[in-house]
Amino acid sequence: MANVSVLRLDLGGGCAPGNKRFKLRDNLIEARSRGARCLISFGGAWSNHLHALAATGHELGMKTVGVVRGELSAPPTPTLQDALDWGMELLPVSRTEYRQRHQSDYQRSLLSRYSDSYLIPEGGANAAGVQGCVAIGQAIRDCTDISSRQVVLPVGTGATLAGVALGLGRGYEVVGVSALKGADDLAQRVTQSLTPGEHLEAASWQILHEHHCGGFARTSAGLREFMLEFESVQGIPLEPVYTGKTLYAVYQLLRSGQWDSQRPLLVIHTGGLQGRRGYPWLEGLLGEQ
Ligand SMILES: Cc1ncc(COP(=O)(O)O)c(C=O)c1O
């Protein structure tokens, strides 16, 4: 019998559930301190990040601009339709142009297009995003009900993992499950997002690269079967891009005996449930329409 608990961040955060409210929190503080009235960021047609940003901007009365990878479909995905409904201006760009999103010249040209604007990188993955996620690790460490020293979470950019590892501190172990195939630079990105001093204080961490189920946002028959079974038995909704793959990885590692099933394990549910709408085979589960 495995000893696995799930930290349901998906249940909190209001319009920016899961890890989103943490990654946006310090970015919003920074944007406000600079007097920004417009928030610009990047994402794909199903981006949880753009979805949360649009909702947050709407709530705070701030303009939001979403630079979207590729053409908009007609009709737009439910994710982008929500963003439009919340007043986000969508700027669809070619995949070639989207590749420039990290370049400072490109970012400057975007910032100059919108007055009083503040730019948040794709996925909220900057120093402020990492700093916001420190609170997740601290909350786990400070919670007397949680005995687990091993924490598992999904990884996209690695910002959440970096913040959680720093917040947990030494004595804990963080295992990230990459949602992407062949993202060999992830460990480097995490390393670069922490200062040498922070590395000494942070929990030990590693990223697993073999559980992407075919690539980003792809699914395998095994993943689909696992998610349907997990949801019906546990009553916890997952989505296939991040949380489904992470829990499937945990299941496989425990089942194969590679992980000790006696050891208490805490899995962080990072939200992203709006993205379920992209997977018709999940419809109708758990009381959804
Ligand atoms: C639901 C969900 N979980 C996990 C992640 C991965 O977080 P990070 O990019 O900080 O590694 C994301 C992406 O931001 C996400 O939307």
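No value in this document is a laboratory result; all are computed from the given coordinates. Values in this document were obtained by computation on a predicted structure and should not be read as measured data. Positions of Cβ are generated from backbone atoms using ideal geometry, with glycine treated the same way; all protein chains shown enter the neighbour counts.
General remarks:
- Only Cα sites of region 114-184 enter the Debye sum here, all with the same form factor; the resulting log10 I(q)/I(0) across q = 0.12, 0.19 1/Å is -0.37, -0.77, listed in q order.
- FRET efficiency for Gln138 and His102, using Cβ-Cβ distance with R0 set to 25 Å, rounded to 0.05: 0.30
- Cα-based shape type of region 60-119, given that a ≥ b ≥ c are square roots of the gyration tensor eigenvalues and the cut on a/c is 1.5: oblate
- Nearest-0.05 FRET efficiency for Glu89 and His199, computed from C-beta distance (R0 41 Å): 0.55
- Cα point-scatterer Debye curve for region 1-91, base-10 log of I(q)/I(0) at q = 0.10, 0.12, 0.17, 0.19 Å⁻¹: -0.29, -0.39, -0.70, -0.84
- The mean sequence distance of close C-alpha pairs (under 8 Å, at least 6 residues apart), as a share of the length of region 6-122, puts its relative contact order at 29 percent.
- Rg then Dmax, both in Å and based on the Cα atoms of region 145-286: 15.3, 49.
- Per-residue [θ]222 nm for the chain (sum of -39500 (n - 2.57) over DSSP H runs n ≥ 4, rounded to 500): -12000 deg cm²/dmol
- In whole angstrom, region 1-159 maps to an equivalent ellipsoid with semi-axes of 30, 18, 15, each derived as √(5λ) from the alpha carbon gyration tensor and ordered largest first.
- Within region 186-246, GluC sites (Glu not before Pro) in DSSP loop having at most 14 other beta-carbon neighbours inside 10 Å: Glu210
- Cα-centred dipole magnitude for the chain, charges only on beta-carbon of K, R (+1) and D, E (-1), debye, nearest 20: 380
- Rounded to whole Å, the principal axis extents of the Cα atoms in the chain read 56, 47, 33, largest first.
- Coordinate range along principal axes, alpha carbons of region 157-228, Å, largest first: 43, 22, 14
- Per-residue HN-Hα couplings for region 215-226 [Karplus 6.51, -1.76, 1.60; θ = phi - 60°; Hz; x = Gly/Pro]: x, 4, 6, 7, 10, 10, 4, x, 5, 4, 4, 4
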